[in-house]
1. Could you count how many residues in segment 219-232 are free of Cβ contacts under 8 Å to residues at least 60 places away in the same chain and either within 11 Å of the ligand (Cβ to nearest atom) or part of a loop (DSSP other than H, G, I, E, B) (or both)?
2. For the structure I just gave you, tell me whether Glu634 is more than 28 Å from the chain's Cα centre (by Cα), touching a residue at least 60 places away in the same chain (Cβ under 8 Å) and over 18 Å from Phe332 (Cα atoms).
3. Working carefully through the options Ala197, Ala188, Ala176, find the one that is surrounded by 16 or more Cβ atoms within 10 Å (Cβ to Cβ), more than 29 Å from the chain's Cα centre (by Cα) and not polar (S, T, N, Q).
4. Is it the case that segment 377-397 has a residue that's away from the ligand (no atom under 16 Å from the Cβ), over 25 Å from Phe773 (Cβ atoms), part of a loop (DSSP other than H, G, I, E, B) and not assigned by TED's automatic domain parsing to the domain that holds Ile598?
5. Which members of segment 260-314 meet the condition of being among the basic types (Lys, Arg), in a helix (DSSP H, G or I) and surrounded by 12 or more Cβ atoms within 10 Å (Cβ to Cβ)?
6. Output the number of the condition that Met705 fails; it satisfies all remaining conditions of (1) crowded, with 21+ Cβ neighbours inside 10 Å; (2) under 18 Å from Glu224 (Cα atoms).
7. Might you check whether a residue that is outside any strand (DSSP E or B), over 25 Å from the mean Cα position of the chain (by Cα) and crowded, with 23+ Cβ neighbours inside 10 Å occurs anywhere in segment 862-874?
8. Please name all residue pairs, on different chains or six or more residues apart, with Cβ atoms under 7 Å, provided the first residue is in segment 884-896 and is surrounded by fewer than 19 Cβ atoms within 10 Å (Cβ to Cβ) and the second residue is charged (D, E, K, R).
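The values are calculated or read from the model by the stated rules, or taken from the named source; none is laboratory data. Just so we're clear, the structure is a prediction, and the values are computed from it rather than from any experiment. A quick note on method: Cβ atoms are made from the backbone with ideal geometry, for glycine too, and the neighbour counts reach across all protein chains shown.
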Amino acid sequence: MDMVKVILNGKEVETFEGETILNLARRYGVEIPTLCYYEGFVNGSCRICVVEVNGRLIPSCITKVSDGMRIETESARATEARKTLLRLLLKNHNHRSKEEQMRCRICDYAVKYGLEPAPVISDTKVDDTHPAIIFNPSACVMCRKCVIACSIDQSNDVIAVIGRGSGTRVGFDLDAPMGVSSCVSCGACVDACPTGALMEKDWVPANKVIETTCPYCGTGCQVEYGIRDGRVIWARGSYGHVNEGKLCVKGKFGYQYVNSPERLTKPLIRKPGVPKGPLNGRPIHEVFREATWEEALDIIASKIREILGKYGSTAIGGIMSDRSTNESIYAFQKFMRCAVGTDSIDQSATLCHEPSAWSLATQLGYGAATNPIRDALNSRTIIVVGSNMNETHPVIAAYVKRAAKQGAHLIVVNPIHTELARYAEYELLLRPGTDVVLFSAMAKYIIDMGWYDREFISKHTEGFEDWIRSLDVFTLDFAEEVTGVPKEAIREVARLYALERPSMIMWTLGITEHENGTENVSALINLALLTGNVGKPGAGLMPLRGQNNVQGGADVGCAPGRLPGYQPLMDPAVRRRFEDAWRCRLPSFVGFRSTEVIDMARRGLIKMLYIVGENSIRSHPDSKAVAEALSKLEFLVVQDIFLTETAEYADVVLPAASAALEDYGTFTNTERRLQLTRKVVDPPGDARPDWWVFTELARRLGYDMGFRSSSDIMRDIARVAPIFGGLSHERLEREGGLQWPVSSESSSGTPILYADGFPRGRARFRVVGWRDFDVVMERLYPYSLIIGRERAQYHTATMTSRSPILKVIWRGPVVEMNPEDMRTEGIEDGDVVKLVSPAGEVPARVRASSRVPRGVLFTTFHYPELLANALVPAVLNPITKTPAYKDTWVRIEKIK
Ligand code: SF4
């Protein structure tokens, strides 16, 4: 990069050729007005950023510096030009409210340059059809930032410039009211609009703004929250490593849960004689009484001592929340292992991506995504499999859609049609549960055609020959018959993946939540190793994590047998090191996963459970069995921000602070990036951060964990786990998020894993088999029920159902069914039917949907009115104990 010298407002400064004048000025702290400027994209339509360069007026946002330039940002000619432009913009420009005027940069600049701001006319005609956003065309100056935000940056393609001549305007879906358009409510247009023409309906100015990490999915978007009178009043995307200002509807409008009057504010203790179970409308005070922290913690500590005395530490288990911080999760596992003496601790990975983590760790070395999310923009081929990412990970989908628009080959593989497929070159609609066959057939075809990477395989892998032999059965004809995907498409997709490199594979729970989830993931890893698509920019294997900190939860050791930094509990040298560092005796047995622990509780083997932020009744399979298990416990502690359905079974309920908004610490996103989460507001009432509670309980049990702040905990993590050796809160404050491994202070993290080889020496091909469906079961239960998610809801909706705007946008408790199947079954749209599986039956309202093919149904587990997980059979992946949610087969019975 050539360095050049320029004169900026009379001072000589150095910069690199190619930087824009606007960027240069900003780096040197010189403010230049902007309206249409959109970081990362060329616009250059408004000209408010004109500066004088060597006597000429030019727009600074699109002009690159060159050696010897004399730049004047506030020369008389430049300011006069801005004033002329402002006068033109202020014509036909008015606001509907004072608040809208406060959001208008034109009005701000008008005041700065001595002009009158635009008037407020309260009866201005607006489009207020959207539940959260209002559009005032009279304030719009056609700067087109909303078009870039919606249709280029977010690739949602809702807003466009429409009309001609004086009728030119921005429109939604060409010309629909915003509220009935295909708007996905991400709020990007609102955050981008410089005039307030598009803004939140109830916006008011904030007293302060604090940046933190979104509390919802594993993307890890950075968000700025506006705070007024101690309450969060709005959110907007900030320019973080991951999201570059983008948010989805949950990040933008899902913060209101934190202000909910239903928040738990005091420890609660079950009243004597009140049976455990659903409140069924009873007021909380009839079931629980309020207590002080002292009393609640003393009761828990004495109950732990009693159960340890009676049954030993094998009778106690814990399930920790992945919505909590790394620091709190680390404190939990240390408390459970050192103070209680049990290794039966787990987090939600077992319920979702543990098959990804296990297969990636076993075959490559680390149980995590290999590349950064934004690397999708460097891929030439992207396969998205088992993922409705437009709904589950909208910001990641934005990058994938943009990559496709820029020419990458996008292949979408899923049993149901997804919105993402609109951008795909190939959509493979495969029969549910046949992923191994499809990907093994692709591998066999690549080998047959000689398209594999011989050099990579011989230098970096083992087990190739054994694996090749196992592929004989996976011919294209066999794959077409089993998967339902035409063999021509399999051939072409295999060619693109092998030859149009770098190629990336992304997946979510459509791959992992099967009895053979580890095999599914291994089939993808084998394909990447075969073609050398690992350890390179634009390539790699990307499991997209569902919860904000599910990656971190596993990283810091909240899993049976795995100490922080993926160090094995039963390795004698590792044990010694941890016992010295923690000054405690570690459990001498590998504990049980959450799915096993629940079953053990049902069988009377587990007597006490400590559940933090996990609504197990609704998130675990076979809800009836979970309820039975929780009822049988001698003692149940639930720590949460709301009284969930699970908390209704608790003996003691502890009020937690919201990790994302009321605590300080870190979350690790799906690309292994640790990012800070900051205290935005105070927790309500007596609610406390999770780590504080575990520290206090450990102290009561005679073990001082030595934590006085969450920064102490991060120091402890860095001390015991080499992959975090160079991390501290201070460093993250200074440098922003970093991707592990960050082994030392001098390491700047590892964006791409395995670029320098594999930690286990060689990566391993894994032979994976496939078992055909049970024909009898298929006759009895002919529909594959896909239990997924929808964009505006999250998990069991504990938080999203307390965010009023998200509640307006939700799709509701329905099961989607193909209209042809409905005709065959004699069902009308809106009918209530009974879904019956071998595990149970639930009533559900049917909605006709052409996105599900015949023989497939789709629903979510967000709604208590439709307990979809009650239908999931008690079948677990034999290695990771992950429930086979996606192997749920049902029949439909009409309700008379
Ligand atoms: Fe939050 Fe995920 Fe949405 Fe980003 S994509 S705003 S992290 S929920």
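1. Step one: filter segment 219-232 for residues free of Cβ contacts under 8 Å to residues at least 60 places away in the same chain, giving 223-224, 226, 228-229.
Filter once more, so that each one left must be either within 11 Å of the ligand (Cβ to nearest atom) or part of a loop (DSSP other than H, G, I, E, B) (or both): 223, 229.
Number satisfying all stated conditions: 2.
2. Values: more than 28 Å from the chain's Cα centre (by Cα): yes; touching a residue at least 60 places away in the same chain (Cβ under 8 Å): yes; over 18 Å from Phe332 (Cα atoms): yes.
Spelling it out, Glu634 is indeed more than 28 Å from the chain's Cα centre (by Cα), touching a residue at least 60 places away in the same chain (Cβ under 8 Å) and over 18 Å from Phe332 (Cα atoms).
3. Values: Ala188 fails: more than 29 Å from the chain's Cα centre (by Cα); Ala176 fails: surrounded by 16 or more Cβ atoms within 10 Å (Cβ to Cβ).
Of the residues listed, the single one that is surrounded by 16 or more Cβ atoms within 10 Å (Cβ to Cβ), more than 29 Å from the chain's Cα centre (by Cα) and not polar (S, T, N, Q) is Ala197.
4. Kept after step one, since they are away from the ligand (no atom under 16 Å from the Cβ), are these residues of segment 377-397: 377-383, 385-386.
Imposing the further condition that a residue be over 25 Å from Phe773 (Cβ atoms) reduces the set to 377-382.
If we keep only those that are part of a loop (DSSP other than H, G, I, E, B) too, we end up with 379-380.
Those left that are additionally not assigned by TED's automatic domain parsing to the domain that holds Ile598: 379-380.
Yes; the residues of segment 377-397 include at least one that is away from the ligand (no atom under 16 Å from the Cβ), over 25 Å from Phe773 (Cβ atoms), part of a loop (DSSP other than H, G, I, E, B) and not assigned by TED's automatic domain parsing to the domain that holds Ile598.
5. Here is the first cut: in segment 260-314, the residues among the basic types (Lys, Arg) are 263, 266, 270-271, 276, 282, 289, 303, 305, 310.
Remaining after also requiring in a helix (DSSP H, G or I): 303, 305, 310.
Lys303, Arg305 - these are the residues of segment 260-314 that are among the basic types (Lys, Arg), in a helix (DSSP H, G or I) and surrounded by 12 or more Cβ atoms within 10 Å (Cβ to Cβ).
6. All conditions are met except number (2).
7. First, pick out the residues of segment 862-874 that are outside any strand (DSSP E or B): 862-874.
Narrowing the set further to residues that are over 25 Å from the mean Cα position of the chain (by Cα) leaves 871, 873-874.
Within this subset, residues satisfying the condition of being crowded, with 23+ Cβ neighbours inside 10 Å are 871.
Among the residues of segment 862-874, at least one is outside any strand (DSSP E or B), over 25 Å from the mean Cα position of the chain (by Cα) and crowded, with 23+ Cβ neighbours inside 10 Å, which makes the answer yes.
8. Pairs that qualify, where the first residue is surrounded by fewer than 19 Cβ atoms within 10 Å (Cβ to Cβ) and the partner is charged (D, E, K, R), are Glu893/Lys834; Ile895/Lys834.
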